[in-house]
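Where a number appears in this text, it was derived from the coordinates with a stated rule and is not lab data. Predicted model, so just to flag it, every value in this text is computed and none were measured. Every residue, glycine as well, gets a Cβ built from its backbone with ideal geometry; the counts of neighbours run over all protein chains shown.
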């Protein structure tokens, strides 16, 4: 595998762009391919079997594009499909997401940690195992967030609809005394400015995008696959309407880019 081969990153939709931003900032020499499975978003309310089938199809496509490693930039996909993909491709480095329970448990002062996530993530055995392993000494209050991903997919990061949804989801967490909040979906970091308005001072926000970028860097270096040379381009694909992703890229990525259609 050549070190100039691309890194493949995918999510159910545009949420993984929050992870892609961290990867691009830390690893400017890497070629990146991002696939948004917008034709099947959101994953959070779908069955694990359905999500595994989607992830297999996407992985096959990214491998056909010559990707040297895969990043599942989606907590729900990680919970449902990371193990399956690692079994199918044992020689391929596959990095995945998971809610940052360990750093949140270490950071809380009140002993109460809140989690905003999709239903699929919160119901997963992987999330239950994280709680058992790292949160035995703190109270964890979880909050599924139906409808939030769809607003972010539409590029709505501060309008009245997303504001009302988020206020409703935060209310029970704050009532329990939460002082540390895990953003357990890669879509949610795009709401940090709005969360800053809605949360009281002193509430710590925790997501894992930067940590995943650092993990990717270590993984590539350890295998001799880190790219050298000039900054590389990022290529965008979607299983939904290309124009929909093109519309939100300036908001979520920072610039316009051409988008290719993935028919898988």
Report, as a whole number in µm² per second, the diffusion coefficient that Stokes-Einstein gives for the stretch 110-223 at 4 °C and 1.567 mPa s using the Kirkwood radius over alpha carbon pairs. 86
Most exposed first by the Cβ proxy, i.e. fewest other Cβ within 10 Å, how do 122, 70 rank? 122, 70
Considering every Cα-Cα pair within the stretch 1-122, what fraction, in whole percent, is farther apart than 21 Å? 41
Packing-based exposure ordering (other Cβ within 10 Å, fewest first) of 46, 192: 192, 46
Would you work out if the stretch 183-264 is rounded, prolate or oblate? Take a ≥ b ≥ c from the square roots of the eigenvalues of the alpha-carbon gyration tensor; rounded if a/c is under 1.5, else prolate when a/b is larger than b/c, oblate otherwise. oblate
Of every Cα-Cα pair in the chain, the percentage lying beyond 26 Å is 38
Sites residue 125 and residue 255, calculated FRET efficiency, Cβ-Cβ separation with R0 41 Å, nearest 0.05: 0.55
Report the label-to-label distance for residue 84 and residue 106 in nanometres (one decimal), using points 7 Å from each Cα along the Cα→Cβ vector. 3.3
For 31, 239, what's the fewest-to-most ordering of other Cβ within 10 Å of each Cβ? 31, 239
For the stretch 176-226 and the stretch 103-167, what is the separation of their Cα centres, given in Å? 12
